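For reference, the structure is listed below as structure tokens.
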């Protein structure tokens, strides 16, 4: 939900070369761990680094196609929307991603009072 005091900022979180194919990298934005995933075909996605089931670290899961399997209990989460595949139900927040000249950026909504701060 966007309100008048919300702002959108693009954060540089690394390069495509930083993430192996079928792998992930974790960055922290405003204290939130975000997993940046790279598929076999070099698509890049960003999800909050927690499974909707038991909060397991999705960044440590197995990336396949456009999905990641949680390392704790095997839930399969779509990388584009962050939703659990049936029969499981749940969702983890996802973030828009853009890649230009190998540089990865993610878009985050935040209150105007928050200053941009990203750590890789």
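I'm trying to understand the selection: among the residues of segment 35-55, which are over 14 Å from residue 81 (Cα atoms) and in a strand (DSSP E or B)? Full working, then the answer.
Residues of segment 35-55 over 14 Å from residue 81 (Cα atoms): 38-42, 53-55.
Listed by number, the list holds a single entry, 38.
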Give the residues of segment 59-79 that are in contact with a strand residue (DSSP E or B) (Cβ under 6 Å, 6 or more places away or on another chain) and either assigned to a strand (DSSP E or B) or surrounded by fewer than 17 Cβ atoms within 10 Å (Cβ to Cβ) (or both), sorted by residue number. 62, 63, 67, 68, 69, 76, 77, 78
Looking only at segment 1-34, filter to residues that are assigned to a loop (DSSP other than H, G, I, E, B) and surrounded by 14 or more Cβ atoms within 10 Å (Cβ to Cβ); which one of those is modelled with the lowest pLDDT? 30
Flag if residue 41 is in contact with a strand residue (DSSP E or B) (Cβ under 7 Å, 6 or more places away or on another chain) and either at pLDDT 95 or above or closer than 21 Å to residue 103 by Cβ (or both): no
So is residue 35 without any contact (Cβ under 8 Å) to a residue 40 or more places away in the chain, under 13 Å from the mean Cα position of the chain (by Cα) and under 23 Å from residue 110 (Cα atoms) or not? yes
Working only within segment 80-111, note down all residues that are part of a loop (DSSP other than H, G, I, E, B) and surrounded by fewer than 18 Cβ atoms within 10 Å (Cβ to Cβ). 80, 81, 85, 86, 87, 88, 89, 90, 93, 96, 101, 102
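The values are calculated or read from the model by the stated rules, or taken from the named source; none is laboratory data. Everything numeric here is computed off the predicted structure, so don't read it as measured data. Heads up, the Cβs are rebuilt from the backbone with ideal geometry, glycines too, and the neighbour counts pull from every protein chain shown.
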